[in-house]
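Take a look at the structure set out below.
The values are calculated or read from the model by the stated rules, or taken from the named source; none is laboratory data. Predicted, not measured: the structure shown is a model, and the values here were computed from it. Heads up, the Cβs are rebuilt from the backbone with ideal geometry, glycines too, and the neighbour counts pull from every protein chain shown.
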Amino acid sequence: MNSTAPLPLAGKVALVTGASRGIGRAVAERLARDGAKVACVATRAENALETATACSLWTEGAKAYGVDVADTGAVASLVDEVRKELGGLDVLVNNAGITRDQLLMRMSEEDFDRVIDVNLKGTWNFLKAAVRPMMKTSGRIVNIASVVGVTGNAGQANYAASKAGVIGLTRSAAKELAGRGVCVNAVAPGFIDTDMTSGIPENEREKLTAAIPLGRIGAVGDIAEAVAYLAGPGGGYITGQTLVIDGGLSL
């Protein structure tokens, strides 16, 4: 008798921030294909409705939520809401992020603070809110960092600092939570074709592509596949790691 293997995330609940577009949307849809109920989080719930609708083609229970990830109290309330409405929390993907690029000497305090608040504090807010319930489920946490958090980048002091912070936060959380069976890892994308990079002039894109050993700009699916692996059965003995996915750019 032929039998269909169960989906790797069947019965699991996943929360993905920054899910309205780009990497976040690709990750949400990929986890839905693996059977997870997905809480698709954006700054405003209506921004994540398309993602939730797409996820619903693969799984039951996908829903859009809205929150400012830098608001600690609002994030805690949202996590509680997701747990009540979707039945728990097993996978957390901290993807929400912004850029406000400028040379260091011209960067405003506001631009530095806002990038840190969204990219780093936002990740901390969701970790703090999710830690206790995820200890009960041996959950998986994947934080989206960036290759510039490893290498640095001119004109991105705020962004690079925030992503380097995410990597350090990932390692610390992994050490704290390993004893409770929770795996915490980071994925550090390189140059990925998203709305965030679409404004780069064509001549600069050509230079960047030429610097990538694999010879192409990354796709959001490249990141989503890695997140799905870390969130699924294959990631059960991996924690505290940063997986750089950049086509060899940082070599």
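List of remarks:
- In segment 65-73, the count of residues that are assigned to a strand (DSSP E or B), of a type outside the set (A, V, I, L, M) and closer than 17 Å to ALA19 by Cα is one or more.
- Criterion (touching a Gly at 6+ places or on another chain (Cβ under 6 Å) and at negative phi) met by exactly one of PRO189, PRO213: PRO213
- Residue satisfying condition, being out of contact with any Asp or Glu (no Cβ under 6 Å at 6 or more places or on another chain) and touching a residue at least 60 places away in the same chain (Cβ under 8 Å), within set ALA161, ALA130, ALA154: ALA130
- Elements of type helices (runs of 4 or more DSSP H) contained in segment 106-151, each with 2 or more residues being over 29 Å from GLY232 (Cβ atoms) and out of contact with any His (no Cβ under 9 Å at 6 or more places or on another chain): 109-115
- Single match in GLY179, GLY88 (criterion: over 15 Å from the mean Cα position of the chain (by Cα), on the phi < 0 side of the Ramachandran plot and either part of a loop (DSSP other than H, G, I, E, B) or without any contact (Cβ under 8 Å) to a residue 24 or more places away in the chain (or both)): GLY179
- Only one entry in THR53, THR4 is more than 15 Å from THR194 (Cβ to Cβ), assigned to a helix (DSSP H, G or I) and either more than 12 Å from the chain's Cα centre (by Cα) or among the charged types (D, E, K, R) (or both), namely THR53.
- The residues of segment 18-37 that are on the phi > 0 side of the Ramachandran plot and assigned to a helix (DSSP H, G or I) amount to a single one, GLY22.
- Test: residue in segment 37-55 that is touching a strand residue (DSSP E or B) at 6+ places or on another chain (Cβ under 6 Å) and acidic (Asp, Glu): no
- Pairing residues of segment 194-210 that are within 17 Å of THR99 (Cα to Cα) with residues that are of a type in the set (A, V, I, L, M), at Cβ distances under 7 Å and at least 6 apart in sequence or on separate chains, gives THR194/ILE23; THR194/VAL220.
- Selection status of ALA173, over 18 Å from the mean Cα position of the chain (by Cα), under 28 Å from ASP34 (Cα atoms) and part of a helix (DSSP H, G or I): no
- CYS40 buried (at least 20 other Cβ atoms within 10 Å of the Cβ), over 16 Å from the mean Cα position of the chain (by Cα) and not in a loop (DSSP other than H, G, I, E, B): no
- Looking across segment 98-144 at every residue that is among the charged types (D, E, K, R) and touching a strand residue (DSSP E or B) at 6+ places or on another chain (Cβ under 7 Å), the one that is surrounded by the fewest Cβ atoms within 10 Å (Cβ to Cβ) is identified as ASP101.
- Test: residue in segment 174-189 that is modelled with pLDDT under 95 and polar (S, T, N, Q): no
- Only listed residue being modelled with pLDDT of 95 or more and closer than 24 Å to ILE223 by Cβ, chosen from ARG25, ARG106: ARG25
- Every residue from segment 46-79 that is closer than 18 Å to ARG114 by Cα and of a type in the set (Asp, Glu): ASP68, ASP71
- Qualifying positions in segment 152-170 - of a type in the set (A, V, I, L, M, F, W, C) and in a helix (DSSP H, G or I): ALA157, ALA160, ALA161, ALA164, VAL166, ILE167, LEU169
- For segment 192-247, the candidate set comprises residues that are part of a helix (DSSP H, G or I) and in contact with a Phe, Trp or Tyr (Cβ under 7 Å, 6 or more places away or on another chain); within that set, the residue that is modelled with the highest pLDDT is GLY235.
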